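Working notes, structure below.
The values are calculated or read from the model by the stated rules, or taken from the named source; none is laboratory data. None of these values were measured; they are calculated from a predicted model. Positions of Cβ are backbone-derived with ideal geometry, glycine not excepted, and every protein chain shown enters the neighbour counts.
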Amino acid sequence: MSDKQEPALSRERAEYLRKVKIRKYSIFATRILILVAVFAVWEITANLKLVDPFITSQPSRIIRTLVNLYREGDLFRHIGVTCLETVAGFLMGTILGTGIAILLWWSDFISRVLEPYLVVLNSLPKIALGPIFIIWIGPGPSAIIVMALAISLIVTILEVLNGFLSADPEKIRLVQTFGANRLQVFTKVVLPANISSVINALKINVGLSWVGVIVGEFLVSRAGLGYLIVYGGQVFQLDLVMTSVIILAVAAALMYQGVVWIEKKLTKNRQIYGQL
Amino acid sequence: MAEELVDVRNLGMKYQSPNGEIDAVRDVSFTVNKGEFVSLVGPSGCGKSTILSIISGLLKPTSGSVRIGGEWVRGTSRKVGYMLQKDHLFDWRTIYQNVLLGLEVRGTLNRESRERVLGLLKTYGLYDFKDKYPNQLSGGMRQRAALIRTLAVNPDILLLDEAFSALDYQMRIAVTDDIYGIIKSEQKTVILVTHDISESISMSDRVIVLSKRPATVTAIHDIKFNLEKRTPLACREAQEFPGYFNTIWKELDVHV
Ligand SMILES: Nc1ncnc2c1ncn2[C@@H]1O[C@H](COP(=O)(O)OP(=O)(O)OP(=O)(O)O)[C@@H](O)[C@H]1O
Ligand SMILES: [Mg+2]
C-alpha cells in the first residue's frame, strides 16, 4: 500500500498524471490572472478617467489608504476589534448552539414543544432585533457580539440537531443491546457519527458571525471594519470603504480556512473520536 | 438431563401506534437448553425479531414472560449477546476499538478483558487487522468482527437476528460455516432467527416453526444428522436434509 514499492509507472499512467498536473496548474494560474486583470483594468480605467475614481476608488488609492491607516496606528486596531467580536460570536454560537441541540436531542418532549418557536425565530430576520439589543445591552462590543450570536444560533441548533436525529437507529440499537444508557448512546454513536454535521455548522457559522458583527458595527460602533465602512460612506470616502471591504474579504477567507484546517485535522485523525 | 437456560412462556406482543394496533406475537412458548442451537423460522414480518428483542430485554412484552437461568428478564441482561442483521461496525473506530464497544458500554474494560478480546481476535484470525478500519475488511471478516464484538462481553446466550442475510449467497454459506465453528468452540447457547429454511436446518439442534403474523408456534422439530463432524455445509449435503426441508416448507405454507 505504500507508494515506495510501486513499480515503474506505465507510459499511459505517466501521461495521465502529467495532464492532471498541468490542469491543476492552469486552473491556479487562471485564477491569479483574473485577479490581476481586474485590478489592472480598475487601476488603468481610473487613471484614464474612464471611471470616476472618486466613486469607484482605485487600487493605488486603496494601498495609500492602507498605509495611512497603518501609519496612524488604526489599521490593526480596527481589524482586531472586528475579528475579536467575530470570533467571540462564532465561539458562543457554536458552543451554545451545539449545547442546545444536545438538549433538544435528549428530550423529544422539549424539542416538540420548542419546534414552532424555533421555526419562527429561524425565519425572523435577526437584524430587526438590533435596536432591541442596543437598548438592552448598551451600544458597544457586547451588543455586537449578541447580534452575531443571534444570527448564527438558531441555524446552528437546527443544523446540529438534524445531524443528531439522523444517526442510524440500528447503530443506536446496537449499543443498547449492550445496555447503553442515553448518555452512552450519545457519546458512543450520535456524536462521533455526526462530527461532520457539527463541522458543517461551524462553516456556516463563520459566515453568519461576520454578517452579525458587521451589521452590529453599522448600528453602534466607534471602531472596527464595519464602522470604517459606514463612516467612509457617510463622508463619501470610497477609498476607505473599498479598503475596508477588501480587508474584510481577506479576514473572512482566512477564518474559513481555519475551520477547514480543523476539519482536516479531525477527519485525518479518526483515532481522536474513535476513543470517545 | 439437559439444563434449561431460556424459558419463554405465553409471550404476547401488541404494538401500539397512532394508526392502530399490530398484533405481532401471540401466546408463544418454548424453552432452550444450555448449549443448544435453536432456530426460529417464520415468514417475513411474522414477529421473529420482536420475539428476539423481548428475550434480549430491549422490548417489554404486553403479556407473558421470559426467564433466563431462572431469572425474570427486565431490561437488557449481561448474559445475553445480541447480533443484529447487519454488522454495524462503526467506521470511525478501528476493528479493535469496535470489538471493545460492549465492554466500554458495560464498564468492564480492563486489562483482563482486553487480553480476552485480543485472544479472540488471534484465535479467529483478525489480529492482524485489528488496527484497520471496517471499510478495509471483506464482508465475511466484518461479520466475524461483529461476532467477536458480541463474544467480547462473554455472554452465555447468543441471539442472532438474520445475522447472515446482509451477505450475498456464496459469502453467506461460507460465513455461516465460519461463525458456526466459532460459536460451537465457544460453547454458546444460540437462538437464531431466520426466514431461510436451509440455514435453520443446517445449523440447529431444534427448529421452531412460526406461523404468519401474529406469530404462534406451528411446530417444533428436533434436527438430527448422522454425521461424524457436524458443519452447516455438511448438513446441507446430508441425506436427512431434504426430508426436514420439505416438512418445514409445508408447515410454513408459503403462498405466492
Ligand atoms: N416498533 C414497532 N411499532 C409498530 N409495529 C412494529 C414495530 N416493530 C415491528 N412492528 C410490526 O410488527 C410485525 C412483526 O415485526 P418483526 O420485525 O418482529 O417481524 P420479523 O418476522 O422479524 O420480520 P422480518 O422477516 O421482516 O425481519 C411487523 O408487521 C411490523 O410491522
Ligand atoms: Mg426481523
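Answer yes or no as to whether residue A:39 is within 20 Å of residue A:251 (Cα to Cα) and of a type in the set (Phe, Trp, Tyr).
Details: within 20 Å of residue A:251 (Cα to Cα): yes; of a type in the set (Phe, Trp, Tyr): yes.
For residue A:39, the condition - within 20 Å of residue A:251 (Cα to Cα) and of a type in the set (Phe, Trp, Tyr) - is met.
Cβ-Cβ distances below 6 Å connect the following pairs, each with a first residue in region B:147-173 that is assigned to a strand (DSSP E or B), a second residue that is within 16 Å of ligand 1 (Cβ to nearest atom) and among the hydroxyl-bearing types (Ser, Thr, Tyr), and a separation of six or more residues or different chains: B:159/B:56; B:159/B:82; B:161/B:49. Evaluated against (1) away from ligand 2 (no atom under 16 Å from the Cβ); (2) over 15 Å from the mean Cα position of the chain (by Cα), residue B:24 falls short on exactly one condition, (1). If only residues of region A:192-238 that are part of a helix (DSSP H, G or I) and among the aromatic types (Phe, Trp, Tyr) are counted, the one that is farthest from residue B:98 (Cα to Cα) is A:231. Is it the case that some residue within region A:95-110 is of a type in the set (S, T, N, Q), free of Cβ contacts under 8 Å to residues at least 24 places away in the same chain and not assigned by TED's automatic domain parsing to the domain that holds residue A:164? Among the residues of region A:95-110, not one is of a type in the set (S, T, N, Q), free of Cβ contacts under 8 Å to residues at least 24 places away in the same chain and not assigned by TED's automatic domain parsing to the domain that holds residue A:164, which makes the answer no.
Condition check ((1) out of contact with any helix residue (DSSP H, G or I) (no Cβ under 8 Å at 6 or more places or on another chain); (2) surrounded by fewer than 16 Cβ atoms within 10 Å (Cβ to Cβ)) across all residues:
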| position | (1), (2) |
| --- | --- |
| A:86 | no, no |
| A:89 | no, no |
| A:92 | no, no |
| A:95 | yes, yes |
| A:98 | no, no |
| A:101 | no, no |
| A:110 | no, yes |
| A:117 | yes, yes |
| A:123 | yes, yes |
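Among B:213, B:144, B:149, which is under 22 Å from residue B:125 (Cα atoms) and modelled with pLDDT under 90? Walk me through it before giving the result.
Numbers: B:213 fails: under 22 Å from residue B:125 (Cα atoms); B:149 fails: modelled with pLDDT under 90.
After ruling out the rest, the residue left standing is B:144.
The set of residues from region A:1-44 being modelled with pLDDT of 95 or more and of a type in the set (Ser, Thr, Tyr) comprises A:25, A:26, A:30. When the criteria are applied in full, residue A:169 meets the requirement of being within 14 Å of chain B (Cβ to nearest Cβ) and of a type outside the set (A, V, I, L, M, F, W, C).
Within region B:214-256, being under 17 Å from residue B:176 (Cα atoms) and not acidic (Asp, Glu) holds for B:229, B:230, B:231, B:232, B:233, B:234, B:235, B:236, B:238, B:241.
Within region B:24-67, the residues that satisfy the criterion of being closer than 28 Å to residue B:185 by Cα, without any contact (Cβ under 8 Å) to a residue 60 or more places away in the chain and away from ligand 1 (no atom under 12 Å from the Cβ) are B:31, B:57.
Hey, among the residues in region B:96-115 that are surrounded by 15 or more Cβ atoms within 10 Å (Cβ to Cβ) and away from every other protein chain (no Cβ under 11 Å), which one's nearest to ligand 1 (Cβ to nearest atom)? Across region B:96-115, the extreme among qualifying residues is B:99. Only one entry in B:21, B:3 is away from chain A (no Cβ under 14 Å) and more than 16 Å from ligand 1 (Cβ to nearest atom), namely B:3. Quick check on residue B:93: is it within 14 Å of chain A (Cβ to nearest Cβ), part of a loop (DSSP other than H, G, I, E, B), of a type in the set (Lys, Arg) and buried (at least 20 other Cβ atoms within 10 Å of the Cβ)? So residue B:93 passes the test.
Go through region B:63-84 and give me each residue that's surrounded by fewer than 17 Cβ atoms within 10 Å (Cβ to Cβ) and more than 8 Å from every other protein chain (Cβ to nearest Cβ).
Taking region B:63-84 as the starting set, the residues that turn out to be surrounded by fewer than 17 Cβ atoms within 10 Å (Cβ to Cβ) are B:63, B:65, B:67, B:69-72, B:74-75, B:78.
Scanning region B:63-84 gives B:63, B:65, B:67, B:69, B:70, B:71, B:72, B:74.
Examine region A:189-197 for a residue that is without any contact (Cβ under 8 Å) to a residue 24 or more places away in the chain and buried (at least 20 other Cβ atoms within 10 Å of the Cβ), and state whether such a residue exists. Yes: one or more hits.
In region B:19-90, counting only strands (runs of 3 or more DSSP E) that sit wholly within it, the ones holding 3 or more residues that are more than 19 Å from residue B:194 (Cα to Cα) span B:20-33, B:63-68. Screening region A:178-188 for residues that are within 31 Å of the chain's Cα centre (by Cα) and in contact (Cβ under 8 Å) with a residue 12 or more places away in the chain and picking the one that is nearest to the other protein chains (Cβ to nearest Cβ) gives A:188.
Going through (1) among the aliphatic types (A, V, I, L, M); (2) surrounded by 11 or more Cβ atoms within 10 Å (Cβ to Cβ); (3) touching a residue at least 12 places away in the same chain (Cβ under 8 Å) one by one, residue A:137 falls short only on (3).
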